[in-house]
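Everything below concerns the one structure shown next.
The values are calculated or read from the model by the stated rules, or taken from the named source; none is laboratory data. Keep in mind that this is a model prediction, so the values were computed, not measured. Cβ placement follows ideal geometry from the backbone for every residue including glycine, while neighbour counts extend to all protein chains displayed. Side chains are part of the model used for accessible areas, which takes the heavy atoms of the whole protein and leaves out ligands, DNA and RNA. Shrake-Rupley method; radii C 1.70, N 1.55, O 1.52, S 1.80 Å.
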Amino acid sequence: MPLTVRQIESARPADRDYKLTDGQGLYLLVKTSGARYWNLKYRFAGKEKKLTIGVYPTVTLAQARQQRDEARRLLAGGKDPSYEKQARKQAFRESIASTFRTLAEEWFTHMARRWTPRYLEDQRARVENHLFPAIGERPVTDIRPLEILNALRVIETQGKLEALRKTRQTCVQVFDYAIATGRATVNPASALSSVLLPPERQHHRTLTGEQLGECMREMEASENLMALATRLLALTAVRTGELRLATWDEFDFTRALWEIPKEKMKMRRPHIVPLSRQALALLAEIKLRTATRQSHFVLPGARRSDQPRSRKCINEFLQQAGWHTFTTAHGFRHAFSTLTHDHDFSSAWIELQLAHVDKNAVRGTYNHAQYLDGRREMMQWYADYIDNLKQQRQVLTTPER
């Protein structure tokens, strides 16, 4: 006889567990603790099995009967209700483990071995600010292109087109990672570039040979420590961050080499910089100038010797000196690349000096050793060439500064 709500409510715990049968395999198990559980007894493939439905009163009598009827429909279709329940639980767990946020965090962890901490921080910030609020908790298999587009449109309407490009690019990479790890089959972000505004084409501000000569001549006349740093940046063609974070233990003055550890490089690969005579002289002057600071940093912080200079230190100095209209700190790398290419130096030497990543990691490691002598020759030529430019007091074709 079917159960009634009154019977269930009046059921009291006994010395042993007991069952109250509702019919068609459904029963309420009353535990000695007083807890009451809905279970369904059924047979599948000739074996008696049990399906746990839930706890009363969280699962009401009507809901228990509804789930019993659903289980019987599965049995009629040749499916095991217990297996189907576990499959649904597993699918739910996988959907939680495959949200965009989860995949993005996995991607960042994976790439942290190759990226600098600052680059990783920038990548993470873009995703956290622009994508997580919209699609962070969504399973990647459920995310549609329009959802991503709507999130990216917010950046577009703010006119931040370079940030828009970088955010979409990161989104594409996260979905590529999801596909590679078996959590997705399509990349909904890959086709959005055609419907989003591209960033305005920016021309790198860099100096001609004559301008470089005048700039270095003015830097040489300056008493500012940042003028020395700017000259060293020009002579080595490193990135600003690599110079800012440089410590004295990285320099081998006997072999005239600067060995930058991979942790400080943009692509997390160690970099060797041959030092010209002029670069070595600048380093000696910087060391003398900063001796009282007793810092292990080549360019100690303006206020704290145990910290490096700020990120924008050289660009801010160029602005103060009136040269920022013509070049940025990064522009010295472009000037180096242009001038050395124009004078027919090996592209392989130039690319290695700029620490541009060789797609073949093995070949890249070999080339560092193979081309070191050639790069020594090139960097000494470049330092001598700049000295010659400094002596040529030509009338510049640039506007008045």
Probe 1.4 Å, protein heavy atoms only - accessible area per residue of the stretch 127-277 in square angstrom: 48 Å²
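For Arg277 and Thr21, compute 0.36 nm times the residue count separating them, minus their Cα-Cα distance, and round to one decimal in nm. Before the final figure, lay out each step's value.
Numbers: separation 256, 0.36 × 256 = 92.16 nm, distance 9.48 nm.
Roughly 82.7 nm would be gained on extension.
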Structure-based [θ]222 nm, the chain - -39500 (n - 2.57) summed over DSSP H runs of at least 4, per residue, nearest 500: -15500 deg cm²/dmol
For the chain, size of Cβ-based charge dipole, Lys and Arg +1, Asp and Glu -1, in debye: 2240 debye
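With r as the distance between the Cβ atoms of Lys85 and Lys287 and R0 = 60 Å, compute the FRET efficiency 1/(1 + (r/R0)^6) and round to 0.05. Write down the numbers at each step before the final one.
Working: r = 72 Å, r/R0 = 1.19.
Once the sixth-power term is evaluated, E becomes 0.25.
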Inter-part distance where the stretch 275-335 and the stretch 109-167 are each reduced to a Cα centre, Å: 33 Å
Gained length - Lys47 relative to Thr247, 0.36 nm times residue gap less alpha-carbon distance: 64.7 nm
Nearest 10 degrees, 0 to 90: helix 100-111 Cα axis against the chain principal axis: 40 degrees
Extreme residue, positive dipole direction of the chain, given options Thr328, Met1, Ser222 (C-beta unit charges): Met1
Inter-label distance for Arg72 and Asp387, nm, one decimal - labels placed 7 Å from Cα along Cα-to-Cβ: 9.9 nm
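If a/c stays under 1.5 just call it rounded; otherwise compare a/b with b/c (prolate if a/b is bigger, oblate if not). Do that for the stretch 226-279, with a ≥ b ≥ c from the square roots of the Cα gyration tensor eigenvalues. Write down the numbers at each step before the final one.
On the way: a/c = 1.81, a/b = 1.18, b/c = 1.53.
Oblate, because a/c is 1.5 or more while a/b does not exceed b/c.
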Rounded to 10°, Cα long-axis angle of helix 209-221 versus longest principal axis of the chain: 80 degrees
Given Lys166/Lys262; Lys312/Lys390; Lys160/Lys390; Lys262/Lys390, the pairs whose alpha carbons are separated by over 29 Å: Lys160/Lys390; Lys262/Lys390
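Hey, with R₀ at 41 Å, roughly what FRET efficiency would Thr141 and Lys262 work out to, going by the Cβ-Cβ distance, to 0.05? Please list the in-between numbers first.
Working: r = 36 Å, r/R0 = 0.88.
That pair, Thr141 with Lys262, gives E of 0.70.
Write down Rg/Rh for the stretch 237-329, rounded to two decimals, with Rg from the C-alpha atoms and Rh from the Kirkwood relation over Cα pairs. Write down the numbers at each step before the final one.
Numbers: Rg = 13.7 Å, Rh = 14.2 Å.
We get a ratio of 0.96 for the stretch 237-329.
Ignoring ligands, DNA and RNA, what percent of the 1.4 Å accessible area of the stretch 1-109 is carbon and sulfur?
Values: 3640 of 6910 Å².
So the carbon and sulfur contribution to the accessible surface is 53 percent.
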Among 42-55, 61-74, the order from most to least packed when residues are scored by Cβ within 10 Å on average: 61-74, 42-55
Residue (of Thr52, Thr236, Leu26) at the positive-pole extreme of the chain, dipole from beta-carbon charges: Leu26
Distance in nm between pseudo-label sites at Gln158 and His343 (7 Å out along the Cβ direction from Cα): 4.5 nm
Rounded to 10°, Cα long-axis angle of helix 61-76 versus longest principal axis of the chain: 80 degrees
Among Gln67, Tyr371, Leu283 - extreme Cα towards positive end, dipole of the chain, charges at beta-carbon: Gln67
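Rounded, prolate or oblate: which fits the stretch 97-182 when a ≥ b ≥ c are the square roots of the eigenvalues of the alpha-carbon gyration tensor, with rounded for a/c under 1.5 and prolate only if a/b beats b/c?
Values: a/c = 1.96, a/b = 1.09, b/c = 1.79.
It comes out oblate by the Cα gyration axes.
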Approximate spin-label separation Arg12-Arg255, in nm, with each point projected 7 Å along Cα-to-Cβ: 8.9 nm
Cα radius of gyration and Dmax for the stretch 1-138 (Å): 23.5, 71
